[in-house]
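Data block below; observations after.
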């Protein structure tokens, strides 16, 4: 009797263990493929975190509506488990751990920002969980030899080198004189490295190379130097704060430069906050709705923008577009792999070569997308003060002609 | 011309910082509380001006509306938290205000969103010496308003009944109490006045720079430094050290580069503290 009891207890314990492990390690439950994402829904990145989440959600709904994902002759739908990482890298890493080891997620979507992606990548790598991320552009993400990290966006060092190349072309192929001011964070310093490369390649000279402290709110000293040495191009990157501060102080100090190139104009809502003062600024962007890339799900950029606006009530920033593209990449990889084996899905991701409404996607060894150039748009305003961002470079995608040099403040 | 530009930029920046430090020195001196939430009060003041701007009211009116609202915010914070830590040691008050600071950051982020925002005054620019020195009028306006408020406060502290009560409490709270000063009321008013000054500074910062829920700490640190350099209860000293630090920062930026700007200010702070200690130790020897 006693032995019988022990055997029953043992068998039921094993049965319970199995059943729980089956539930907790079910990356695919019924007809659902469950993806995990830690996103900044509160904290300092919360605006962009929400853009990212909206992008993911829109793509999930669209793919599910249009027939879902076909693997092994069966149709599956996407579902995402979200956690709020509070814009905190430590929390993001904990949540990634939780998503993988407790919730049993076997495929991840990236968080917002390079810093948080850097925190999560070692975790997904450790567990061999493929992660497609759409908002971490720092070059250092792609030089660590990660095998399971794939980024649909172009790396940070490519953000502004188009601007330098355009300036050199406009200068008759001769090198230009560059003044630059970059915040001291991983992303902006990567953008800076890109400019250094471009300067060397084109024989340009860097005459001011300022590093802006993170807490700094004032660029007056840098701009006074710019005024004194009169460079051909002024490059600024310091997230939204840097973009807003630069435009405000350039207008106030009447700094005349033939070309002004910056990052984060979209996120800073430059033209809305500064109106005509932001006119002629050149901005690096991963995506713009007027680009003519196409796919079956969102058709093209303009349709995506219109659909997005209908759903969420605002024009999609590129953070949303690239997040939507991440889901398209996952769908494509699952179908090509035709299995949910992580290793095989990873290999399928590595072999991705597709076009989405957001751009072409093809991953290099390090996981960065090498098939999608950055675009530059220029803020252009009409007489009534209404401003619009128009793509001016590369020429292939341009919807307006670059205005160069920027008219002097005295002539505006 | 670059030198002149640096001096003027530094002075205009310094005056604004001095105003924030002024509030800190006042309540530090009176209540012996180091307010870590100082910068967050500044940012909250900035948001008041920003929202006026959003609703079509010129943000410059913020310098009047913001301090009035912030005064009451200050008094409420005092009644809820500060009055419980005012007689405790400094460490408790630092912890309490640090908590307030985190709470404010999160609440502002929750209420106003995480975007960096600014209010445009449309004030234009003053150009000197054939456009080689430019002074944004918004900065001149900020400096002017800061000076007006600072002078107003000095006069108020000297002439008004409450001002005298505040000074008496700062000198010796117990004696003031015995002589009939309601120190509880004085403390509440002092914290309110400090918050009001932060409100003015915040409104000015929304016109001259940018605001963001998490941007308060640099203002706390800067005002802390100014107060340390000037010493407590030395209000003209606060103004001088604010402007001095502003100019020093601009020059450090020109000569050493922007990346050394904040670092050089900290270095200066260390040097001043070492020098102070050196002077004090000599004094002690003399007293022996």
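The values are calculated or read from the model by the stated rules, or taken from the named source; none is laboratory data. All figures in this text were calculated on a predicted structure; none of them were measured in a lab. Quick reminder, even Gly has a Cβ in these numbers, built from the backbone with ideal geometry, and neighbours come from all protein chains shown.
The table that follows gives values for the structure above.
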| quantity | calculated |
| --- | --- |
| Complete set of residues in the range B:29-46 that are surrounded by fewer than 24 Cβ atoms within 10 Å (Cβ to Cβ) and on the phi < 0 side of the Ramachandran plot | B:29, B:34, B:36 |
| Among (1) surrounded by fewer than 24 Cβ atoms within 10 Å (Cβ to Cβ); (2) touching a helix residue (DSSP H, G or I) at 6+ places or on another chain (Cβ under 7 Å) - the single one residue A:137 does not satisfy | (1) |
| Looking only at the range A:267-291, and only at residues there that are more than 14 Å from every other protein chain (Cβ to nearest Cβ) and out of contact with any strand residue (DSSP E or B) (no Cβ under 7 Å at 6 or more places or on another chain), the one that is surrounded by the fewest Cβ atoms within 10 Å (Cβ to Cβ) | A:289 |
| Identity of the residue in the range B:138-158, closer than 29 Å to residue A:251 by Cβ and surrounded by fewer than 18 Cβ atoms within 10 Å (Cβ to Cβ), that ends up farthest from the other protein chains (Cβ to nearest Cβ) | B:148 |
| Of all residues in the range B:177-214 being within 30 Å of residue A:269 (Cβ to Cβ) and out of contact with any helix residue (DSSP H, G or I) (no Cβ under 6 Å at 6 or more places or on another chain), the one that is farthest from the other protein chains (Cβ to nearest Cβ) | B:212 |
| Residue in the range B:162-177 that is within 15 Å of the chain's Cα centre (by Cα), at pLDDT below 90 and closer than 30 Å to residue B:87 by Cα present | no |
| Hey, residue A:240 crowded, with 22+ Cβ neighbours inside 10 Å, part of a helix (DSSP H, G or I), in contact with a helix residue (DSSP H, G or I) (Cβ under 7 Å, 6 or more places away or on another chain) and in the same structural domain as residue A:206 (by TED's automatic domain parsing) or not | yes |
| Criterion: in contact (Cβ under 8 Å) with a residue 12 or more places away in the chain and either closer than 18 Å to residue A:407 by Cα or within 11 Å of chain B (Cβ to nearest Cβ) (or both) - qualifying residue of A:305, A:224 | A:224 |
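A quick yes/no check of all residues on (1) under 27 Å from the mean Cα position of the chain (by Cα); (2) modelled with pLDDT of 90 or more; (3) within 14 Å of chain B (Cβ to nearest Cβ):
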| position | (1), (2), (3) |
| --- | --- |
| A:150 | yes, yes, no |
| A:162 | yes, no, no |
| A:176 | no, yes, no |
| A:188 | yes, no, yes |
| A:192 | yes, yes, yes |
| A:203 | no, yes, no |
| A:211 | yes, no, yes |
| A:215 | yes, no, yes |
| A:231 | no, yes, no |
